[in-house]
1. Computed FRET efficiency, Cβ-Cβ of Asn108 and Ser50, R0 25 Å: what is it to the nearest 0.05?
2. Taking the Cβ of Pro49 as the centre, find all other residues whose Cβ is under 11 Å away and add up their charges (Lys, Arg: +1; Asp, Glu: -1).
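Read the figures in this text as sums done on the coordinates, not as results from a lab. Please read all numbers here as calculations on a predicted model, not as lab measurements. Here the Cβ is made from the backbone with ideal geometry for all residues, glycine too, and neighbour counts use every protein chain on show.
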Amino acid sequence: MRSVSVNPAIRALLVLVVVAMVAPALDFSYTAVISGSSPRWARPVDPTPSNPNDVTPPTTIASGGTGGNVGYHLFSFIPTITGIYTIISNANAPNWDNYIVLYRNSFNPATPLVNAMGANDDYPVFGNVVGISRLNNVALTAGTTYFLVTTGYLNSSQGSASNSITQVVPEPGTYALVGLALAAMGVWGRRSRG
């Protein structure tokens, strides 16, 4: 039986790809509760309310009865893996109009636009669905502190929400392309030696 020699660089790359493919996705799940005793703030306004795939920093602050003095819940987290994430907030009973805002590095309710990465009110599935807020395709960096603020649309908004922050796992076709690229690198490396 003839042994196959593999370039150490290709072997190292193959190991990294296999580890990345089997590494568990990062997942944070928790319940946020907003009540009459929650801290209050004037929340940012979602700049692209009909598109949760567009994570754009907010540029305006709510005023009056629609978020100008609304309760909030703060959750901080630090991803261990750099990647693309989905952030979902589902309002629990009683059904209320929840709202999420994501911050990078720090959060100060007195300056709600500083470090804001994106916001979402109603996730548009078959029209806007009150009670589901979502940010898709959010690029998060390992070792960076992020803050997810769950709040309400109206100043009177109160309730709980089941929140999750999940790393997006690549489609099976992505793995096939990676395998094909590795095979091509192996053939190329073999030809360059032969």
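1. The calculated FRET efficiency here is 0.30.
2. Counting the neighbours of Pro49, the net charge comes to -4.
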